[in-house]
Amino acid sequence: MSEKLDPIAHVIDVDVPLDHLWHVMTDAATVPQWLGCMNYEARLGHTFHMQPDGARRADGDIAGATHCDVTALAKPLFAFSWYMPGTPKTNVSFRLSAQGPRKTRVVFLHDGWDQFPAEMVRGIRDMLQGGWTSAVLPNLAKTASR
Amino acid sequence: MVTESTRKDDAVFAALADGSRRRILALLRRGPAPVHALSQQFRVSRPAISRHLRVLREAGLVRAQRQGTENVYVLEAERLRLVEGWLKQFWSGKLGDLKALAEGSWRERKT
């Protein structure tokens, strides 16, 4: 059994024009709504946080949060790094392409896992300790059943 | 429908929810260890450690290997597959939220 993770990839079509999706996907007013993150600013190099623990998020506490540095913010590519401090940075990207006047495809990729075969285990465990299981999974179930 | 794999996933997250069990996994990451070595590290009774190990074993996170007169516990690399599945699910939830937000706000804008 391999000790490595494969890149996570998703493709999803959204029934809106590319410009509208770009705005919702990257604007400081809407990013927290869909990404559930803290301290986001639409600025290259800015660091924001993904706090899985709902109580800590409400308090503005970033303990246990995943850190994200904005690495690309030029239509059609939005990308940020995704890491726990002290572990290698993995890469998250969302690339848009127009499929029609009101249809836009999002190609999502989360890679960079090959940087840490063994260290990864620790990073993932830290992540789970932060309360992902208690806070994120119920949200996921809710989203999936909508 | 509750499948066998769903039950196993639930067991993994339940197993990881406990701090002592996460510490056991952290220790096993350094290499296989017998029960007595683990209970010495934790300064708790062997039966208590054995209970935690049983939960971890049932979740597929560790396996027991007979070595001489006692069981040695080994971390299961397969759990990484689960983490991968979990990340996939995590991001597909976010993308679903993005789609719902974008399509909802587009409809609102037009009316």
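Assorted remarks:
- Residue that is farthest from the chain's Cα centre (by Cα), among those in region B:47-65 that are modelled with pLDDT under 85 and surrounded by fewer than 18 Cβ atoms within 10 Å (Cβ to Cβ): B:Glu58
- Total residues in region B:27-71 satisfying the condition of being in a strand (DSSP E or B) and of a type in the set (A, V, I, L, M): the figure is 3.
- Taken over region A:41-69, the criterion of being touching a Lys or Arg at 6+ places or on another chain (Cβ under 8 Å) and at negative phi is satisfied by A:Gln51, A:Ile62, A:Ala63, A:Ala65, A:Asp69.
- A:Gly45 passes every criterion in (1) modelled with pLDDT under 85; (2) in a loop (DSSP other than H, G, I, E, B); (3) surrounded by fewer than 19 Cβ atoms within 10 Å (Cβ to Cβ) apart from (1).
- Every residue from region A:84-94 that is surrounded by 15 or more Cβ atoms within 10 Å (Cβ to Cβ) and either of a type in the set (Lys, Arg) or over 19 Å from A:Pro17 (Cβ atoms) (or both): A:Met84, A:Thr87, A:Pro88, A:Lys89, A:Thr90, A:Asn91, A:Val92, A:Ser93
The values are calculated or read from the model by the stated rules, or taken from the named source; none is laboratory data. Remember, it's a predicted structure, so these values are computed and weren't measured experimentally. Because the Cβ atoms are built from the backbone with ideal geometry, glycine has one as well, and the counts that use them run over all protein chains shown.
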